[in-house]
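The values are calculated or read from the model by the stated rules, or taken from the named source; none is laboratory data. Only a predicted model underlies this, so the values are computations on that prediction, with no experimental measurement involved. Cβ placement follows ideal geometry from the backbone for every residue including glycine, while neighbour counts extend to all protein chains displayed.
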Amino acid sequence: MSRYDLLASTPSVRRVQQEFGSAAAAGRRVRESAAEPEPLTDSAAAFIRGLDGFLVGTVNENGWPYLQYRGGPPGFVHVLDGHTLGYLDVRGNRQYLTTGNLRADDRVSLFFLDQARQARLKLFGRATAVPADRHPELVARLASPRTDGRVEQVVTVRVEAFAWNCPNHITPRFTAAELDHALAPVQERLARLEAENAALRAQLAAVPTDLKD
């Protein structure tokens with residue numbers, strides 16, 4: 001069982017689980033949880049590599065949570081090893097809220113969602129964000145693929161725990177690239193039919209008028 005339940009089940013959470021009648025099942029998951037961080041499974045690593053975005057949650061010094069979206073081409077989040085993720089952070093609106101929060105508390109919650117396949121993965125970790133010019137070797141390793149824009153920081157996340165969420169209530173949605181891929185055979189068949197139709201029309205047009213009657 002994932003260590004995620006062990007980290008997520010705080011005393012207040014357990015009291016609510018008791019209130020709603022799910023304490024027994026939740027307690028069993030916690031008892032079966034690993035005490036130490038477990039490496040990402042092959043399926044989790046492949047899932048992360050295949051996505052073009054994720055959400056990262058941090059908490060500021062006033063105790064308020066902050067949620068930020070990070071996007072790029074599929075694979076821009078690199079699985080550096082079984083316990084570490086990395087990506088290049090490009091310049092945005094220059095508020096640096098996530099970076100500032102990490103300076104005070106390096107704990108993060110990442111949420112990876114694939115709506116087309118109705119799958120989601122949640123992850124706890126500890127993140128660092130450092131200027132890109134301090135780690136040229138790592139920048140080179142993370143350079144392809146990466147998000148377009150001016151690279152400012154290298155972000156690495158040490159994975160503490162992860163768990164799959166149930167697929168309930170995920171509305172299937174598809175990117176333009178996914179639709180193009182799925183519809184390619186249909187488009188090819190349509191093109192062939194249109195070509196055949198044009199050829200038949202040309203043949204019909206070549207038949208003498210008196211023979212058409």
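Listing for the model above:
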item	result
Sole residue being closer than 25 Å to residue 93 by Cα, among the small types (Gly, Ala, Ser) and modelled with pLDDT of 95 or more, chosen from 125, 149	125
The range 97-111: number of residues that are surrounded by 16 or more Cβ atoms within 10 Å (Cβ to Cβ) and over 20 Å from the mean Cα position of the chain (by Cα)	2
Single residue of the range 166-213 satisfying the filter (hydrophobic (A, V, I, L, M, F, W, C) and touching a residue at least 40 places away in the same chain (Cβ under 8 Å)) that is nearest to residue 116 (Cα to Cα)	174
Only one of 81, 89 that is under 16 Å from residue 127 (Cα atoms) and crowded, with 19+ Cβ neighbours inside 10 Å	89
Residue in the range 139-147 that is part of a strand (DSSP E or B) and either over 15 Å from the mean Cα position of the chain (by Cα) or crowded, with 19+ Cβ neighbours inside 10 Å (or both) present	no
Subset of the range 148-184 [in a helix (DSSP H, G or I) and charged (D, E, K, R)]	178, 180
The listed residue being closer than 22 Å to residue 161 by Cβ and either in contact with a Phe, Trp or Tyr (Cβ under 6 Å, 6 or more places away or on another chain) or not assigned by TED's automatic domain parsing to the domain that holds residue 7 (or both), out of 134, 117, 49	49
Matching entry among 129, 116 (being touching a residue at least 12 places away in the same chain (Cβ under 8 Å) and either part of a loop (DSSP other than H, G, I, E, B) or under 14 Å from the mean Cα position of the chain (by Cα) (or both))	116
Elements of type helices (runs of 4 or more DSSP H) in the range 1-69, at least 3 residues being in contact with a Ser or Thr (Cβ under 9 Å, 6 or more places away or on another chain) and surrounded by fewer than 14 Cβ atoms within 10 Å (Cβ to Cβ)	none
Members of the range 173-192 that are closer than 27 Å to residue 120 by Cβ and loosely packed, with under 10 Cβ neighbours inside 10 Å	176
Qualifying position, being of a type in the set (Val, Ile, Thr), touching a Pro at 6+ places or on another chain (Cβ under 7 Å) and either farther than 29 Å from residue 132 by Cβ or modelled with pLDDT of 95 or more (or both), among 13, 59, 79	59
